[in-house]
1. Would you work out what percent of the accessible area of the stretch 1-69, with all protein chains in place, is carbon or sulfur (probe 1.4 Å)?
2. Find the relative contact order for the stretch 1-158 and round it to a whole percent, using C-alpha pairs within less than 8 Å whose residues are 6+ positions apart.
3. In nm, give the distance between the simple-model label positions of K15 and L223, each being 7 Å from the Cα along the Cα-to-Cβ direction.
4. So what is the accessible area of the chain per residue, in Å², with the probe set to 1.4 Å?
5. Quick one: ranking D75, D47 by accessible area, 1.4 Å probe, largest first, what do you get?
6. Hey, quick one: spin label on Q235, modelled 7 Å out along Cα-Cβ, who in the stretch 283-307 has an amide N within reach, i.e. under 16 Å?
7. Take every Cα-Cα distance within the stretch 189-233, group them into 10 Å bins from 0 onward, and report for each bin the whole-number percent of pairs it holds.
8. Quick check for me: using +1 on Lys/Arg Cβ and -1 on Asp/Glu Cβ, what's the dipole size of the stretch 70-221 about its Cα centre, in debye to the nearest 20?
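The values are calculated or read from the model by the stated rules, or taken from the named source; none is laboratory data. Predicted, not measured: the structure shown is a model, and the values here were computed from it. When we count neighbours, we look across all protein chains shown, and the Cβ atoms used for this are built from the backbone with ideal geometry, even at glycine. Side chains included, ligands, DNA and RNA excluded: accessible areas come from the protein's heavy atoms. Shrake-Rupley method; radii C 1.70, N 1.55, O 1.52, S 1.80 Å.
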Amino acid sequence: SNKTAFLTLAGSGQKIPQVGFGLWKVAPDAAANLTYEAIKSGYRLFDGAYDYGNEREAGEGIHRAISEGIVKREDVFVTTKLWNTCHEKKRALKVAKQQVEEWGLGYIDLYLIHFPIALEYNPECARGWYYDGESQVRLEKIPMRDTWEALEELHDSGLVKNIGLSNTNSQLILDILTYARVPISMLQIEHHPYLVQPNLIDFCKDQGILVTGYSSFGPQSFLELPDSFPTKAAQTPSLFDHPLINKLAKKHGKSTSQVLLRWATQRGLCVIPKSGRKERMAENLDVVGFDLEENELKDIAALDMGLHFNDPGVYLPGKPLR
Ligand code: NAP
Ligand code: NAD
């Protein structure tokens, strides 16, 4: 089956693989090996972030594959993201340069603003949502324009080849489009059958913005979060056990995960599933070589509940805000 498909980014005309590997919750001491194994099993797109705390290690895995002649730099596509605590323009520029160095690949292919939420920077604890690492939320008064303009400067300098957004709605995109000089190439959003987002996806298509869906398996990814991140995952039926997804998997002779990922890729999205297991890694990549029928795509979309698991509106309230 045809394992690779590519989409084209507005910013550069560069191609991005439609299926990639997600690096959220990959422990730093596992990231180099996992990234290297992912390349060996055929992955060429990696989705990282400052917040994930494993960029240097993921870069090492890519390096190993390059030095062994398995891939060339230009065959690999690296996405990474600016964290909420680094929205201030000067800090964004400085941190992005550090991130480029950590990956050690000369440049980043796609750089996203992780959330349209600016938080105060604490040098002792620059990752995560909480200023004190536990519960205190400190907002910072930085408008998105400052941060977007920092990304444009990074784009101008060639350190990052494409720029984009994550976790925003169409309203904010419309605002950014009133001043953007460099195209918004990508929007990365939570997307699964319980959160279908048809209007936002259509909007992006009209604007020439590609969409990446994350947490393609819905609640699964959120079950492993610490209790300090309240989510609705444990109360939500698994998509892997869902009768409709199972029925379609049987019918097409595929796994449930492949049905979930094919549904998203047939809607024109990139996907970036993460797995720590080799067999799943391979199965998650092999999701463009079969087609669901039009009515099957609709049946899956009908499971929509508008259910966000990754929801700052849940992380932030009830915490001391200042
Ligand atoms: P995901 O990839 O949708 O799901 C991963 C979970 O599914 C893990 O528990 C994994 O377990 C399991 N899994 C993976 N493949 C499977 C398969 N074939 N069959 C059954 N279970 C499978 O979750 P995600 O990490 O939330 O989302 C993917 C990526 O999106 C992230 O890594 C990150 O790069 C990105 N993301 C971005 C944002 C953002 O704010 N922009 C937010 C969330 C995620 P095993 O590892 O045990 O296989
Ligand atoms: P995911 O939907 O990829 O799920 C991950 C979970 O599913 C893991 O617990 C994994 O063990 C399990 N899993 C994987 N394959 C499986 C299989 N075949 N069978 C059963 N379980 C399986 O979740 P995710 O990590 O939330 O999202 C994927 C990627 O998206 C992340 O790694 C990250 O790169 C990106 N992401 C970005 C943002 C953002 O804000 N931009 C937010 C979340 C995630």
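1. 48
2. 19
3. 3.7
4. Result: 43 Å² per residue.
5. Working: D75 70, D47 5 Å².
The most accessible residue leads, giving D75, D47.
6. 305-307
7. Over the stretch 189-233, the share of Cα pairs per 10 Å bin runs 26, 43, 23, 9 percent.
8. So the magnitude is around 160 debye.
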